[in-house]
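Here the structure comes first, spelled out in structure tokens, and everything after it is commentary.
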Amino acid sequence: MQNNNDSSGEDELIRLLLKRQSELNSLLEVTRAINKNTPTPTLIQMLEVILKNYLQVGKFRFLIEKDGAYNCISKYGGDMETAATLNQTWSHLNKLRSPADLTGHADNTLSRYNYFIPIYHKNKALAFALIGDFNTSGDMLNNDLNFIQTLINVIVVALENKKLFRERLQAERFQREMELAVEVQNMLIPLREHKEEGVEIGAKYLPHQDIGGDYFDFFRLNENEFLWCIADVSGKGISAALLMANFQASLHGLAAIEDELTTVVERLNKIVIDNTKGERFITLFLAKYNEKTRKLNYINAGHNPSILYSEGEAVPLKLGTTMIGAFEELPFLNEGEIDVEPGSLIVNYTDGLMDYDAQNIKAWDEDKLLEFVSHNGEQSPDSFNEALMNYINQVVKGKPIDDITLLTLRIS
């Protein structure tokens, strides 16, 4: 009788050792697959094969936490529940930190399963599994449940690492894009001082973030004429910067061969449409001044109106068209023409100058800006820009929500 008991004990020990060996082999295969960066679907397939063929788990649901909800990434066996139903089961289970028996559970969905297996990391719930049609009992039950928990935990950690790696790559790619965009924009924004006879120029550029969508330019066309532009491209990042670089090159090229501003704007619109397929647009104020005739020609393409100050009066320059890049053909196009008196000040700006996060939004608007220009239009361009920003900081008492660009000219 003793021999039979000894033999039975030896058989049980051998069975346990073989089972442990199989478990180790399974974990080793999964670990090797993870180290080879095996795709997620393959890892899930390996998990299902081990559960089905080695442990004889007849029903399985595997859910992972994402943005406060649980998504089922693996399921087989039994009647399939809806995603919403499976997600709701967590409300009955969130206090359990170790494998638990679900037999006779009050929830109808959970009562169809045998066991619940949670996966936590530093008190954060990462995933959980529901196991059904699983008939292991006795001394092997705890061993099997612990093995399943270990196996799922290894895969969850691998999936988290994959996610973190993707996020790091995305962050590095985004950072590099921002660096490239900054480099492009630094080449576009002419921060150097302009020294031109007959005109004094003051420029101020305050990006809201590392890279914005603002652009301004000033260049002489010939002995008598010079042209300037202030613009704002929709969007941020490298694509916006590259679009603006293309816009600058196109503007310089067209201005050299076209005399009419209307033709320049029409062709710029076509170039932007061709490049962006209507997904981005540009607002701009484009002006050309003739020092001999003292004529200023301009087009405002959906941009904040520049302001002409002369002899105590401030006038907004609104004639023009819609933003470019939004329509295949501009629906209307009007060119403004005015005579410029000696000593006139022209204030050009982007919409960031008007957009602040202050609660008292009535403290600052276009009427207030016109009033400020009327009272301060005799200052030099640089002094005017500085005074304007100081005034806004005192009156608005808020932070800008977009890039701010000022281009102010005093015409002799």
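The values are calculated or read from the model by the stated rules, or taken from the named source; none is laboratory data. None of these values were measured; they are calculated from a predicted model. Please note: Cβ atoms are built from the backbone with ideal geometry, for glycine as well, and neighbour counts cover all protein chains shown. Accessible surface areas use protein heavy atoms only, side chains included; no ligands, DNA or RNA. Shrake-Rupley method; radii C 1.70, N 1.55, O 1.52, S 1.80 Å.
Taking the condition of a type in the set (Asp, Glu), under 32 Å from the mean Cα position of the chain (by Cα) and open to solvent by 10 Å² or more (accessible area, probe 1.4 Å), does ASP365 pass?
Criteria met by ASP365.
Wholly within segment 301-405, which strands (runs of 3 or more DSSP E) include no fewer than the required count, namely at least 2 residues that are out of contact with any Ser or Thr (no Cβ under 8 Å at 6 or more places or on another chain) and touching a residue at least 24 places away in the same chain (Cβ under 8 Å)?
Answer list for segment 301-405: 306-310, 336-339.
Taking the condition of being farther than 16 Å from ILE117 by Cβ, of a type in the set (Val, Ile, Thr), over 28 Å from the mean Cα position of the chain (by Cα) and assigned to a helix (DSSP H, G or I), how many residues in segment 36-77 meet it?
2
Here is a list of conditions, (1) at pLDDT below 90; (2) open to solvent by 50 Å² or more (accessible area, probe 1.4 Å); (3) among the polar types (S, T, N, Q), and SER22 meets all of them except one; can you say which number that is?
It fails just one condition, (2).
In the set SER250, SER239, which member is at pLDDT 90 or above and of a type in the set (Ser, Thr, Tyr)?
Answer to the selection: SER250.
For segment 222-257, which residues satisfy the criterion of being open to solvent by 50 Å² or more (accessible area, probe 1.4 Å) and either among the hydroxyl-bearing types (Ser, Thr, Tyr) or free of Cβ contacts under 8 Å to residues at least 40 places away in the same chain (or both)?
ASN222, GLU223, SER239, ASN246, ALA249, HIS252, ALA256, ILE257
Filtering segment 322-351 down to residues that are of a type outside the set (Gly, Ala, Ser) and open to solvent by less than 10 Å² (accessible area, probe 1.4 Å), which residue is nearest to THR276 (Cα to Cα)?
For segment 322-351, the residue satisfying everything is ILE324.
With respect to ILE201, is the statement that it is in contact with a helix residue (DSSP H, G or I) (Cβ under 7 Å, 6 or more places away or on another chain), assigned to a strand (DSSP E or B) and either open to solvent by 60 Å² or more (accessible area, probe 1.4 Å) or modelled with pLDDT of 90 or more (or both) true?
Here the answer is yes, as ILE201 does meet what is asked.
Can you work out which of the residues in segment 280-292 that are in contact (Cβ under 8 Å) with a residue 60 or more places away in the chain and farther than 20 Å from MET354 by Cα is nearest to the chain's Cα centre (by Cα)?
Per the criteria, the residue is ALA287.
What are the residues in segment 34-48 that are at negative phi and exposed (fewer than 12 other Cβ atoms within 10 Å of the Cβ), if any?
ASN35, LYS36, PRO39, PRO41, THR42
Would a scan of segment 134-144 turn up a residue that is aromatic (Phe, Trp, Tyr), in contact with a strand residue (DSSP E or B) (Cβ under 7 Å, 6 or more places away or on another chain) and either at pLDDT below 75 or open to solvent by less than 100 Å² (accessible area, probe 1.4 Å) (or both)?
Checked against the condition, which is being aromatic (Phe, Trp, Tyr), in contact with a strand residue (DSSP E or B) (Cβ under 7 Å, 6 or more places away or on another chain) and either at pLDDT below 75 or open to solvent by less than 100 Å² (accessible area, probe 1.4 Å) (or both), segment 134-144 yields at least one hit.
I want to confirm something. Restricting to segment 374-403 and keeping residues that are in contact with a strand residue (DSSP E or B) (Cβ under 6 Å, 6 or more places away or on another chain) and not hydrophobic (A, V, I, L, M, F, W, C), which single residue is surrounded by the fewest Cβ atoms within 10 Å (Cβ to Cβ)?
SER374
Give me a count of the residues in segment 30-70 that are out of contact with any strand residue (DSSP E or B) (no Cβ under 8 Å at 6 or more places or on another chain), touching a residue at least 60 places away in the same chain (Cβ under 8 Å) and either among the basic types (Lys, Arg) or farther than 11 Å from ALA158 by Cβ (or both).
Counting residues in segment 30-70 that are out of contact with any strand residue (DSSP E or B) (no Cβ under 8 Å at 6 or more places or on another chain), touching a residue at least 60 places away in the same chain (Cβ under 8 Å) and either among the basic types (Lys, Arg) or farther than 11 Å from ALA158 by Cβ (or both) gives 3.
When you check LEU268 against the structure, is it free of Cβ contacts under 8 Å to residues at least 24 places away in the same chain, surrounded by 14 or more Cβ atoms within 10 Å (Cβ to Cβ) and not basic (Lys, Arg), yes or no?
no
Among (1) at pLDDT 90 or above; (2) open to solvent by 90 Å² or more (accessible area, probe 1.4 Å); (3) among the hydrophobic types (A, V, I, L, M, F, W, C), there is one condition LEU13 misses while meeting the rest; what is its number?
Every listed condition holds for LEU13 apart from (1).
When segment 81-104 is examined, which residues are found to be open to solvent by 70 Å² or more (accessible area, probe 1.4 Å), within 24 Å of THR40 (Cα to Cα) and either touching a strand residue (DSSP E or B) at 6+ places or on another chain (Cβ under 9 Å) or in a strand (DSSP E or B) (or both)?
Listed by number, the list holds a single entry, ALA83.
Condition test on ASP274, is it surrounded by fewer than 19 Cβ atoms within 10 Å (Cβ to Cβ), assigned to a loop (DSSP other than H, G, I, E, B) and modelled with pLDDT under 95?
no
Going by the structure shown, is LEU296 part of a loop (DSSP other than H, G, I, E, B), in contact with a strand residue (DSSP E or B) (Cβ under 6 Å, 6 or more places away or on another chain) and buried (at least 17 other Cβ atoms within 10 Å of the Cβ)?
no
Is it the case that GLU371 is over 32 Å from the mean Cα position of the chain (by Cα) and either open to solvent by less than 10 Å² (accessible area, probe 1.4 Å) or modelled with pLDDT of 90 or more (or both)?
In short, yes.
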